[in-house]
1. So which aspartates and glutamates pass the test for B:K55, namely a Cα distance under 12 Å, with those fewer than 8 places away in the same chain ruled out?
2. With unit charges on the beta carbon (Lys/Arg positive, Asp/Glu negative), name the residue among B:P67, A:L177, A:M56 whose Cα is farthest towards the positive pole of the charge dipole of the protein assembly as shown.
3. On a C-alpha basis, how far is the centre of segment A:14-67 from the centre of segment A:84-158 in Å? Whole number, if you could?
4. I want to check the label-to-label distance for B:K132 and A:D78. Put each point 7 Å from Cα in the C-beta direction and report it in nm to one decimal.
5. Taking just the alpha carbons, could you work out the radius of gyration and Dmax for segment B:94-234, both in angstroms?
6. Could you check which residue among B:V194, B:V157, B:V23 shows the biggest mean-square fluctuation in a GNM of chain B with a 10 Å Cα cutoff?
7. Which residues of segment A:42-87 show a drop of at least 20 Å² in accessible area when all protein chains are present, compared with their chain alone (probe radius 1.4 Å, heavy atoms only, ligands and nucleic acids excluded)?
8. Please turn the phi angles of segment A:160-166 into ³J(HN,Hα) values with the Karplus equation 6.51 cos²θ - 1.76 cosθ + 1.60 (θ = phi - 60°), one per residue in order, whole Hz, x for glycine and proline.
There are 2 protein chains.
Amino acid sequence: MAIFDKGNNLSQRMTQALGRAIVCGEYDRNESLPTEAELCTQFGVSRSAVREAVKMLSAKGLISSRPRQGIRILPEEDWNILDPDLLQWSLESKPTLKVLHEFLQLRIAIEPEAAALAAKYASPTEIAAIAKSLERMRTATTPEEALEADIAFHVSVLYASNNRFYIRLRDFIQTALRVSINYTNPIKADHEVVVEEHGKVLLAVQNRNPERAKRAMLFLIDEALSFIEAALAKESQPQENSLA
Amino acid sequence: MAIFDKGNNLSQRMTQALGRAIVCGEYDRNESLPTEAELCTQFGVSRSAVREAVKMLSAKGLISSRPRQGIRILPEEDWNILDPDLLQWSLESKPTLKVLHEFLQLRIAIEPEAAALAAKYASPTEIAAIAKSLERMRTATTPEEALEADIAFHVSVLYASNNRFYIRLRDFIQTALRVSINYTNPIKADHEVVVEEHGKVLLAVQNRNPERAKRAMLFLIDEALSFIEAALAKESQPQENSLA
DNA sequence: AACGCCTATCCATCATACAAATAGAAGGCT
DNA sequence: AGCCTTCTATTTGTATGATGGATAGGCGTT
């Protein structure tokens, strides 16, 4: 019987189990993975389940499967790390400062530009959604609530950009925020100040001022980025530093 | 027997055929797709092949499959459009001006920042790769050669950013360049001028000047973006305008 | 040492059977 | 009639066995 628990159907659970194991480095990257048959016995499932899991993971660029060669892990640069599943698996295993840094480096490219696009193209409905998230931030009573509202704010800006590629990055931004909150929490000033700074983004979008929207969003992220870079510089000697 | 030809194994060909059909809008988004059994007879393959294709497409966020409900197309915002396959399929079907515009809007966020990061973090080897691509651009004798070198240049900058997320976007950039070339070709000035402008990016990276690298890269893309936006404004009355 | 042939071992594909989930119809209750 | 429950038929989910096809690596010949 299957030795795992989360997920709907067997193939999906198998996919998660295998995907996690690969991302976490439980298999040697230079060797082949166990054969289909071995995976069947190891996980206690049928070949159908294993094959379907393998297919799903190769659709995400994680592995390849060929006759006589077996199932092999592809070079990491082929992994579809913007895929929500892969993103999640990879963060469960190694949310190091370095990864957080890379997250922020991408956010700092995406979000200010998204805010500028929102200022240009957002519909009244989309602007209302941003305003609503901001209001949720303002009235939040618990840190969890505040985080969720914060995430909703950033996501609603992406939607307001009216660009499908920016919208597609909502999972990425969402994950980045959810993970990094543990780090950026200690530094952030009064919640009220944070809310006010978010408010500047909304205001610029409402006023149809792309430049100002970009700068306001940049400011929100840049603070966290500087902090992380300072932390990175500080830990250049201590080997490992993972938050868990 | 299978009614398609490209690809290695059957499941993959099936995946491509089905994926293309879905992206091209050959199935009603509100109805269920044909059942597994029907797809078997339609494509002349076994149920395993169909199921594996379905699994791969659902791994890309294109469809979902549940008992008694059948195979359904997911809302477009769940599609993993940053996945190389999906990107390709979707551009084969609808490379409209609008999509080109969205492409450029993302490039303008990503690439200048990538150039800045390259100026900060690129290794000598990575800088050499950029230089080599530039040289290939300079010495190109055919338009095809020039395009390939151009693509190599932009990709090498992404690699030089030393950020896995930027590197992951290489397929996106590559596709964007390859598709948009048909549009931007007419406007671009002398090839020599273009090469020179690319050279400014390299120079800034070599001089470890992130700000200048960012501006130089921005300049490269902004020109094309303005052109597309002008074209978009012009065609606001004419209904359809697709390049094929 | 270089080359081509062989073979054992993988995955690829197909076919079949049964289990599990559930949408929608059928029926019964108020 | 309207609502709730039950049942059933349909569709995917899972397991298994059989056969085909590709090929890495060994073996033998030159």
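The values are calculated or read from the model by the stated rules, or taken from the named source; none is laboratory data. This structure is a prediction, so every number in the text was calculated from the model and none was measured. Don't worry about glycine lacking a Cβ; one is built from the backbone with ideal geometry, like all the others, and counts go over all protein chains shown. Areas reflect the complete protein model, heavy atoms only, side chains present, ligands, DNA and RNA absent. Shrake-Rupley method; radii C 1.70, N 1.55, O 1.52, S 1.80 Å.
1. The qualifying aspartates and glutamates are A:E52, B:E36.
2. Going by the charge dipole, the pick is B:P67.
3. Distance between centres, Cα-based: 33 Å.
4. Spacing of the two 7 Å Cα→Cβ label points: 2.0 nm.
5. Values for segment B:94-234 (Cα only, Rg and Dmax): 14.1, 45 Å.
6. Highest fluctuation of the listed residues: B:V194.
7. By number: A:R51, A:E52, A:K55, A:M56, A:A59, A:K60, A:E77, A:D78, A:N80, A:I81, A:L82, A:D83.
8. Listing the rounded values in order: 5, 5, 6, 10, 4, 6, 5 Hz.
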